[in-house]
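The values are calculated or read from the model by the stated rules, or taken from the named source; none is laboratory data. As the structure is a computational prediction, the values presented were derived from the model and not from experiment. Cβ atoms come from the backbone with ideal geometry, glycine included; neighbour counts cover every protein chain shown. Ligands, DNA and RNA are excluded from the accessible area calculation, which covers all protein heavy atoms including side chains. Shrake-Rupley method; radii C 1.70, N 1.55, O 1.52, S 1.80 Å.
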Amino acid sequence: MMDEAGVDRVVIVPPGLNDRNDYALEAAKRYPGRFGVMGRIPLQDPKSAALLPTWKQQPGMLGVRLTFNTTPTRAWLSDGTADWFWPAAEKAGLAVMFLAVGEVPRFARIAERHPQLTLIIDHMGLNSSSRTNRITENIPAAIDQAIALSKYPNVSVKLSGAVGNSLEPYPFRDITNSFAAASYRQRVTHFTEELSFLSESDKDWVMGRSILARLKWA
């Protein structure tokens, strides 16, 4: 699928069923240079801090992916559970992707306090594209929250995953795309061929240059 779509590299995020990374790391081991992993970590366990200094020594591991999409996990951002993680990740030089629907504004303080910590907003702050319910009405608010963090040079935004919110067929003029409505190749050409406001330089950054830089994926 990658070859057919013209995709050179893929960042794997292990499913949120548990904190296991072994299956994703096995893919990266089998296909070095094509797969990288943003691993899961037991955030609720402060003992996990001991894992971070050597985190990227695992072949294929690029950083950490956190999920705050349930009532208990969202509470971690305000009750102190996650506080240990941000300075530890910054010290270890780890990039962090996070899904935090409705909680993105909280990361302004984190970005400001930890300027060397790379933060990547997953899915533009919206729920995963695998959901069948349409939440299009939340898109403007999510965009506003993401833009509010644009003043921090250590923050980036990942558009993938807002895909389930499109109410139109390809080329998805109201948002982006989904596997249910388009091929892998069309997910690529949506950006490279359909968004005429993007310059060639913009496309270069959007389609890979920025993520390689953010994750230090040589």
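Take Thr132 and tell me if it is over 28 Å from Leu51 (Cβ atoms), at pLDDT below 90 and in contact with an Asp or Glu (Cβ under 8 Å, 6 or more places away or on another chain).
no
Scan segment 56-75 residue by residue and report those that are free of Cβ contacts under 8 Å to residues at least 40 places away in the same chain and surrounded by fewer than 20 Cβ atoms within 10 Å (Cβ to Cβ).
Lys56, Gln57, Gln58, Pro59, Thr70, Thr71, Pro72, Thr73, Arg74, Ala75
Scan segment 145-154 and give yes if some residue there is open to solvent by less than 30 Å² (accessible area, probe 1.4 Å), modelled with pLDDT under 95 and assigned to a strand (DSSP E or B), otherwise no.
No, segment 145-154 contains no residue that is open to solvent by less than 30 Å² (accessible area, probe 1.4 Å), modelled with pLDDT under 95 and assigned to a strand (DSSP E or B).
Would you confirm whether any residue within segment 20-31 is modelled with pLDDT of 95 or more, more than 22 Å from Val188 (Cβ to Cβ) and part of a loop (DSSP other than H, G, I, E, B)?
yes
Any residue at all in segment 77-90 that's buried (at least 18 other Cβ atoms within 10 Å of the Cβ), among the acidic types (Asp, Glu) and modelled with pLDDT of 95 or more?
Yes: segment 77-90 contains one or more residues that are buried (at least 18 other Cβ atoms within 10 Å of the Cβ), among the acidic types (Asp, Glu) and modelled with pLDDT of 95 or more.
Restricting the search to segment 107-117, which residues are buried (at least 16 other Cβ atoms within 10 Å of the Cβ) and either part of a loop (DSSP other than H, G, I, E, B) or among the basic types (Lys, Arg) (or both)?
His114, Leu117
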